[in-house]
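Trainee: Have a look at the structure that comes next, please.
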Amino acid sequence: MVIAGIPWEEIRHTRAVQDWLAEGRQEGLQEGLQEGKAQEAAKMTLRLLNRRCGPISEPTTAQIQALPVEKLEALADALLDFQGPADLSAWLAANS
């Protein structure tokens, strides 16, 4: 690869390119951590919901997995008061 007539091997060792690559890695790491946190929050919430409300349908599972972390945390708190699947449905209707 050649950029403006300068071979990539020479450009990639410059400070600007090294900083740019490091910044990209850091952003990727942050995105990966956020995604992992959301997946783990959804997994734990679904496990608790299965114990409290019984088996959760695929569409409801997908709806829960799509929630942002803040909503998943709120759902995890709310499910402690759930008596059954109707409470879950009501919470999702009010918070989705």
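Rule-based calculations on the coordinates, nothing more; no lab input. Given the structure is predicted, the values throughout are model-derived calculations rather than measurements. A quick note on method: Cβ atoms are made from the backbone with ideal geometry, for glycine too, and the neighbour counts reach across all protein chains shown.
Trainee: Pull out all pairs, ordered by first then second residue, where Cβ-Cβ is under 8 Å, the residues are six or more apart or on different chains, the first lies in the range 43-54 and is exposed (fewer than 12 other Cβ atoms within 10 Å of the Cβ), and the second is part of a helix (DSSP H, G or I).
Mentor: GLY54/PRO85
Trainee: Restricting the first residue to the range 68-96 and requiring it to be surrounded by 11 or more Cβ atoms within 10 Å (Cβ to Cβ), which pairs with a second residue that is of a type in the set (Asp, Glu) and in a helix (DSSP H, G or I) meet a Cβ separation below 6 Å and a spacing of at least six or different chains?
Mentor: Taking only residues 6 or more apart or on different chains, not a single pair turns up.
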